[in-house]
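Below you'll find the structure, written out as structure tokens, and then a few comments.
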Amino acid sequence: MSATQEAKKFLEGVRGKSLTREERIAKTLELTALLLNASLHEKTHKEKVEEHDYAKMMDDPIGRAFVVEMTDTAFRSSSPARTADQLHYLLKKYGVPQFLDETDRIKFLLFRLLGPSFSSIAIPLIRKQIRKEFASILLPEEGEKRRVFFEKCCRNGVRINLNHLGEAILGEKEAERRWHVYLEDLKNPQIEYISIKISTIFSQLNLISWEKTLEKLAERLRKLYETAATHLYKREDGSKVPKFVNLDMEEHKDFDLTIALFQKVLSEKQFLSFQGGIVLQSYLPESFSALKSLTEWTLERCKKGGAPIKIRLVKGANLSMEGVESSLFGWEEAPFSHKQETDANFLRMLEYATDPLRASAVSIGVGSHNLFFIAYALLLRSERKVESAISLEMLQGMGRAMQRVLRKLTGGMLLYCPEAKEKDFPSAVAYLIRRLEENSGKEHFLRHFYTIRPDNKIWKVESSRFTESFRHIDTLPETSRRKQNRLVLPQPREDDEPFQNEPDTDFSQKPNREWAEAIYQKWENYSPSPIPLVVGGKEEAGEKATGIDPSRPEKPFYHFSLASKSQIESALACAKESQNTWGKLPYDERYTLLGKVANLFRERRGELIGAMIADGGKTVWEADPEVSEAIDFIEYYRKNFEKQQVMSDLSWSPKGSVLVAPPWNFPCSIPVGGVSAALTAGNCVLFKPAPETVLVGWEIVKLFWEAGIPKEALQFLNCKEDPEGNFLLQHPDLDTVILTGATETVKHFLKLRPDLDLHAETGGKNALIITAMSDRDLAVRDLVHSAFGHSGQKCSACSLGILEAEVYDSPDFRRQLRDAAKSLPVDSAWNRSAKITPLIRPPSGALLRGLTTLEEGESWLLEPKAHPQNPHLYSPGIKLGVQRSGFTHQTELFGPVLGLMRAESLDEAIEFANETRYGLTSGLHSLDPREQEKWKKRICAGNLYINRSTTGAIVRRQSFGGTKASSYGPGAKTGGPSYVCQLANPILKDLPHERAPLPPAVIPIFSSLSLSEEEKQLLKRSAESYAYWAEILKEPSDPSCVLGEENFFYHVPLDLAILRYQGEESLLPLLQIVMACLIAKTPLQISSSTLVPGIKKMENIEIIIEGEKAFLSRMEKRPFSKIRLLTPPTHALLKWAVEHGIYLQASSPYPHGRLELPLYLRELALSRTTHRYGFLGF
């Protein structure tokens, strides 16, 4: 008797018997051994060789790393030379994989020696070989091979579940194309069964717009079901059955939506007799609850004469990505945290589903390659006599001998078969390799699939794991691990908790979707009361002004008061007086009050979101993270500045009265950041919200007051720009201004008051460079998100896509980009589906020109359209042919228009990006580490992003701020460790305590100085402090440590530090600056009208003797943003600096490196995606 016959007899022996769980476990182990032995007898010589090679690969982690990276990166470019170069790089990095046989190793060695020189011959051969290697598991979507494959499967009694792999579905044209592919498959007489994902038939899934999303999906699923029902499949025995459509389960966020869609359409009368299928993943606890509810629903359906359904039970294939998403957003991980729990839930679901009554309504497809679980399913179905309801499903090409055994044993087998078009083959192979790697870890059965034998070591480990899983079944939860519920008031945070970023709302949770809908319902019909001024602790009226809702600009939305000069005078007098109370309040009391503010923001998240929809035209998707950011600012600033209170050699005093003048585009987070930073440092604040979003400002300031911040310490002041605003800026009692606005606004402020202590984050002309070595799907996704989020009204928005020639010239890339942008729903912010909402005001000036005019050489890839009823609303626009140094290249547009430039190389693309006067954010999409390193070293911007979007900076994780014309002032980034300190005055209590040994290069300088011993000691202590802080500041740190993303904060030397020596300064402070620049490794240029005493020529120190007029003339010819002075500037220098927006740092040097060294360094934030669709590498 063969082993297969023994297994069949074994199952017949348990049929109809009632076994205990312990008996089932023992018999499962017996049956698994029989199945293994049967498969060993079935194996052909070719299969044994293939399995031997697979086992060798599993034992060669470096070789596997090479294969993963090769398939994922090497074939991104269509250029054989570029592909050969990448392959050569990987061979140099990893070496030739050891698991390859001798012939293949020799081929790779020869390629390493000669391949790059013969790339046009070698690369097509390598591509052909890869296709051959994957021919058994990846089907071509077209051609004779596909037809022959289906015929062979039909003859052998093998059923195929067809699954299309291809480019990401980012737009509606591609979604419709894929939908039509599914329809054609269902009409194809050779195809019986297909799997679809909901994201492939509709590109604009929106959990907040639940009903519209569900209806659009239902519309397309109905057609698929209709086609499946009317095109019967003829089996080998001549019987005819309806085609089958299986709904695959994807990310956790689509779990509820997929089930709701499935039940919605199958509940319709026309589909009562149609059998549909859906997937459930056992790594989600709630899958068990879903199994139960679907079973109960189907039993009721069957009572009404309806057809059964089928559920494909799998363990889950998106585990890694779920972990990355949870870490990035601060949510609980949706899947079980231990594999044994996933296994236990799989077993629990099998036991539940094989009950005879349930099985009469719900058939189960057991999707697994783990033989212990397959054997357990076979045992249950025989014991409970439900063989017809429980089928086995495996991946095409994996374990073919075992598949034949199981087919003989059960009478059938369904193979999950991926297929791809010729052009999508490389990315499909990369996807399958990643999936294989993710599912072949040490705890996974698949790793040992070909090497396990009854009673070997692997058997003992795997059988023990299987047995151990049963211990968890009865204690497993069956509700979601995600517990966030915005309908319930959050618990206040404790003051001593370490800083953690505030989680955004998880809209995969039903209570949170209900909460969002309640926000819309309340605010859509809300009529705000008139908004007063708050001056001197009291509400006051003033001249009336009107606020509008950009979605309904035809009528007034609310009214607010404008301050007069006398009210401004009163406010400034109050702020000055309150400095004696708020400014002298012990820090721990300020700290506690600000903690209460943060807790109130958590409670009133919904109110703030509603105000932003109504006042700023924001979507919930844009407004919700803004509230998180506001909370982060409050918490991070107070906790970070608390650390400064314990410094033994430094203390801090408030600057005084601070004006916070935020923009309208982030009406919640940016003002809260400025207000909370100023209050944290002990300053009194005059908060002047943007005139376009006064309502949001009012909602914000009320929360500060409610938490206990005195109204005298935080006053609310709206006024006209002229004359009242100018009067405010020029008033001597105003000490400091925090501005987020246009670069021209900075110049205006400085002209009004040249000595103004101004801290400004200004404009940006941000570029995303996309090379031929990029993942084009992700690049398009991130480019569209970066360019059109909040309708392009972000200072960090991507205004330029700089594409390497191969990408720019690609019809597929252009088609995909145009489709993705055109598919974004454009409408009122009250439309839950809208992604592009109204601009804050009708476009004018540069933006109107950008939206309506083509410059020389440009053409529309996607022409923007004005809404016929709302002048604030424009659809997205994309320009081709943007010319170097032209209007679109150089001008910040601040709206939904993207310009595309063609670069011959990465080097040229970097030049294009750096040629604008701005330096705020910049991005790169490339999978080549060499390109990433080159770009990182040469790009000039404050926030750098690799393989992700260029927007959405998060407090601490990506502290925000730019360089060049994107910043004015000392330069500390918002949401970074130094931001609050620049809003306070340092008090030196002692010489610096933290010191480090001096670099050898600077030690000889001391012996040649004509200084007193006291001055030499001060210089030495200063230099030692500079050395200490240079190590700390220049070392990249990633305090957030999120999964799948590196976020480094560090300082880099300025390209050039400029010191204007005005001739009246003593030698010591000059030497302190020289020492600081030498230690920082920042080149220093000293400009002086006279000889500089005591400074000898040395490396990186340049002295130029020139008059002030010549100095200023020379400075106009080079891009820079700061000049260091030791004494107050001359009138001519100050006037020139004001006209050009140049920051003058005029002060004596600090001996403390914590304070002085950052003047010669630039803060940099680098964010790099380190996962590939969840896969984190080796």
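The values are calculated or read from the model by the stated rules, or taken from the named source; none is laboratory data. These figures come from a predicted structure and were not determined experimentally. When we count neighbours, we look across all protein chains shown, and the Cβ atoms used for this are built from the backbone with ideal geometry, even at glycine.
For ASP907, indicate whether it is of a type outside the set (A, V, I, L, M, F, W, C) and surrounded by fewer than 18 Cβ atoms within 10 Å (Cβ to Cβ).
yes
Name the helices (runs of 4 or more DSSP H) wholly inside segment 31-104 in which the number of residues that are within 18 Å of ARG400 (Cβ to Cβ) is 2 or more.
Working: elements: 45-58, 61-69, 80-94.
In segment 31-104, 45-58 are the helices (runs of 4 or more DSSP H) which contain 2 or more residues that are within 18 Å of ARG400 (Cβ to Cβ).
Since ILE1032 meets every condition but one in (1) surrounded by 16 or more Cβ atoms within 10 Å (Cβ to Cβ); (2) within 14 Å of PRO1158 (Cβ to Cβ), which condition does it not meet?
(1)
Report, by residue number, each residue of segment 235-248 that is farther than 15 Å from ILE194 by Cβ and touching a helix residue (DSSP H, G or I) at 6+ places or on another chain (Cβ under 9 Å). Talk me through it step by step, then tell me what you get.
Narrowing segment 235-248 to residues farther than 15 Å from ILE194 by Cβ: 235-240.
Scanning segment 235-248 gives ARG235, GLU236.
State yes or no: is ALA389 of a type in the set (A, V, I, L, M, F, W, C), under 35 Å from the mean Cα position of the chain (by Cα) and either assigned by TED's automatic domain parsing to the domain that holds PHE466 or within 15 Å of TYR283 (Cα to Cα) (or both)?
Working: of a type in the set (A, V, I, L, M, F, W, C): yes; under 35 Å from the mean Cα position of the chain (by Cα): no; either assigned by TED's automatic domain parsing to the domain that holds PHE466 or within 15 Å of TYR283 (Cα to Cα) (or both): yes.
When the stated conditions are applied, ALA389 does not pass them.
Would you be able to say whether some residue in segment 443-450 is without any contact (Cβ under 8 Å) to a residue 12 or more places away in the chain and farther than 30 Å from ALA290 by Cα?
no
Could you tell me which residue of segment 971-995 is nearest to VAL685 (Cα to Cα), considering only residues that are at pLDDT 95 or above and part of a loop (DSSP other than H, G, I, E, B)?
Here the residue is TYR979.
In the list ARG849, ARG818, which residue meets the criterion of being within 24 Å of LYS216 (Cα to Cα) and either of a type outside the set (A, V, I, L, M, F, W, C) or not assigned by TED's automatic domain parsing to the domain that holds PHE960 (or both)?
When all the criteria are applied, what remains is ARG818.
If we only count helices (runs of 4 or more DSSP H) wholly inside segment 172-240, which ones have 1 or more residues that are at pLDDT 95 or above and touching a Pro at 6+ places or on another chain (Cβ under 7 Å)?
Working: elements: 172-187, 198-201, 210-230.
Correct list: 210-230.
What number of residues within segment 210-256 are small (Gly, Ala, Ser) and closer than 28 Å to LEU284 by Cα?
Number of matching residues: 1.
Condition first: in contact with a helix residue (DSSP H, G or I) (Cβ under 7 Å, 6 or more places away or on another chain) and surrounded by 21 or more Cβ atoms within 10 Å (Cβ to Cβ). Can you find one or more residues in segment 324-333 that meet it?
The answer is no, given that none of the residues of segment 324-333 is in contact with a helix residue (DSSP H, G or I) (Cβ under 7 Å, 6 or more places away or on another chain) and surrounded by 21 or more Cβ atoms within 10 Å (Cβ to Cβ).
Looking at segment 1109-1128, which of its residues are touching a helix residue (DSSP H, G or I) at 6+ places or on another chain (Cβ under 6 Å) and either at positive phi or free of Cβ contacts under 8 Å to residues at least 60 places away in the same chain (or both)?
Across segment 1109-1128, the qualifying residue is only LEU1112.
So which residues in segment 859-882 are farther than 19 Å from VAL784 by Cα and touching a residue at least 40 places away in the same chain (Cβ under 8 Å)?
Those that are farther than 19 Å from VAL784 by Cα and touching a residue at least 40 places away in the same chain (Cβ under 8 Å): HIS867, ASN870, PRO871, HIS872.
Six or more apart or on different chains, Cβ atoms under 6 Å: show the pairs whose first residue is in segment 909-937 and assigned by TED's automatic domain parsing to the domain that holds ALA805 and whose second is assigned to a helix (DSSP H, G or I) and among the charged types (D, E, K, R).
From segment 909-937, the pairs are ILE910/ARG938.
Kindly indicate the residue of segment 1143-1178 that is over 34 Å from the mean Cα position of the chain (by Cα) and within 19 Å of ASP1055 (Cα to Cα) and also surrounded by the most Cβ atoms within 10 Å (Cβ to Cβ) among those meeting that condition.
Ranking the qualifying residues of segment 1143-1178, first place goes to GLU1156.
Taking only pairs six or more apart or across chains, which ones have beta-carbon atoms under 7 Å, a first residue in segment 393-409 that is touching a residue at least 12 places away in the same chain (Cβ under 8 Å), and a second residue that is of a type in the set (Asp, Glu) and assigned to a helix (DSSP H, G or I)?
ARG400/GLU47; ALA401/GLU42; ALA401/GLU47; ARG404/GLU42; VAL405/GLU42
All but one of (1) crowded, with 16+ Cβ neighbours inside 10 Å; (2) assigned to a loop (DSSP other than H, G, I, E, B); (3) modelled with pLDDT under 95 hold for ARG146; which doesn't?
In the conditions (1) crowded, with 16+ Cβ neighbours inside 10 Å; (2) assigned to a loop (DSSP other than H, G, I, E, B); (3) modelled with pLDDT under 95, ARG146 misses (2) alone.
Where in segment 494-610 are the strands (runs of 3 or more DSSP E), entirely inside, with at least 1 residues that are more than 30 Å from ARG841 (Cβ to Cβ) and of a type outside the set (Phe, Trp, Tyr)?
Per the criteria, 538-540.
Out of all the residues in segment 566-590, which are within 36 Å of the chain's Cα centre (by Cα) and either surrounded by fewer than 18 Cβ atoms within 10 Å (Cβ to Cβ) or over 22 Å from TRP652 (Cα atoms) (or both)? Working first, answer last.
Start the filter on segment 566-590 by keeping residues that are within 36 Å of the chain's Cα centre (by Cα), which leaves 587-588, 590.
Hits for segment 566-590 are TYR587, ASP588.
Of the numbered conditions (1) closer than 30 Å to ASN580 by Cα; (2) under 28 Å from the mean Cα position of the chain (by Cα); (3) not hydroxyl-bearing (Ser, Thr, Tyr), VAL780 satisfies every one except a single condition; which is it?
With respect to (1) closer than 30 Å to ASN580 by Cα; (2) under 28 Å from the mean Cα position of the chain (by Cα); (3) not hydroxyl-bearing (Ser, Thr, Tyr), VAL780 is out only on (1).
Kindly provide the set of residues from segment 297-333 that are among the β-branched types (Val, Ile, Thr) and farther than 30 Å from THR354 by Cβ, ordered by number. Spell out the reasoning first.
Step one: of segment 297-333, the residues among the β-branched types (Val, Ile, Thr) are 298, 309, 311, 314, 324.
Matches in segment 297-333: VAL324 only.
List every residue pair whose Cβ atoms lie under 6 Å apart, where the two residues are 6 or more positions apart in sequence or sit on different chains, the first residue falls within segment 186-205 and is within 13 Å of ARG235 (Cα to Cα), and the second residue, located anywhere, is of a type in the set (Phe, Trp, Tyr).
Hits for this filter: GLN190/PHE150; GLU192/TYR233; TYR193/PHE244.
Inside segment 638-652, can you point out the residues that are crowded, with 24+ Cβ neighbours inside 10 Å and either under 15 Å from ARG493 (Cβ atoms) or not assigned by TED's automatic domain parsing to the domain that holds LEU679 (or both)?
ARG638 - this is the single residue of segment 638-652 that is crowded, with 24+ Cβ neighbours inside 10 Å and either under 15 Å from ARG493 (Cβ atoms) or not assigned by TED's automatic domain parsing to the domain that holds LEU679 (or both).
Give all pairs with beta carbons closer than 8 Å in which a residue from segment 628-653 that is among the polar types (S, T, N, Q) meets a residue that is part of a helix (DSSP H, G or I); count only pairs at least 6 apart in sequence or on separate chains.
Hits for this filter: ASN640/VAL980; GLN644/VAL980; GLN644/CYS981; GLN645/TYR587.
Might you let me know whether segment 484-500 holds any residue that is buried (at least 16 other Cβ atoms within 10 Å of the Cβ), outside the structural domain of LYS128 (by TED's automatic domain parsing) and touching a Leu at 6+ places or on another chain (Cβ under 9 Å)?
Scanning segment 484-500 turns up no residue that is buried (at least 16 other Cβ atoms within 10 Å of the Cβ), outside the structural domain of LYS128 (by TED's automatic domain parsing) and touching a Leu at 6+ places or on another chain (Cβ under 9 Å).
Could you list, in sequence order, the residues of segment 910-939 that are out of contact with any helix residue (DSSP H, G or I) (no Cβ under 8 Å at 6 or more places or on another chain) and surrounded by fewer than 24 Cβ atoms within 10 Å (Cβ to Cβ)?
Scanning segment 910-939 gives GLU911, PRO929, GLN932, GLU933, LYS936, LYS937.
Might you check whether a residue that is outside any helix (DSSP H, G or I), surrounded by 18 or more Cβ atoms within 10 Å (Cβ to Cβ), at pLDDT 95 or above and out of contact with any Leu (no Cβ under 9 Å at 6 or more places or on another chain) occurs anywhere in segment 684-701?
Scanning segment 684-701, I find at least one residue that is outside any helix (DSSP H, G or I), surrounded by 18 or more Cβ atoms within 10 Å (Cβ to Cβ), at pLDDT 95 or above and out of contact with any Leu (no Cβ under 9 Å at 6 or more places or on another chain), so the answer is yes.
Give the number of residues within segment 902-946 that are assigned to a loop (DSSP other than H, G, I, E, B) and either touching a Cys at 6+ places or on another chain (Cβ under 7 Å) or under 25 Å from SER967 (Cα atoms) (or both).
The qualifying residues number 8.
If you take just the strands (runs of 3 or more DSSP E) that sit entirely in segment 290-406, which of them hold at least 1 residues that are of a type outside the set (Val, Ile, Thr) and in contact with an Asp or Glu (Cβ under 7 Å, 6 or more places away or on another chain)?
Numbers: elements: 309-314, 362-367, 390-395.
Because the criterion is at least 1 residues that are of a type outside the set (Val, Ile, Thr) and in contact with an Asp or Glu (Cβ under 7 Å, 6 or more places away or on another chain), the strands (runs of 3 or more DSSP E) in segment 290-406 that meet it are 309-314, 362-367.
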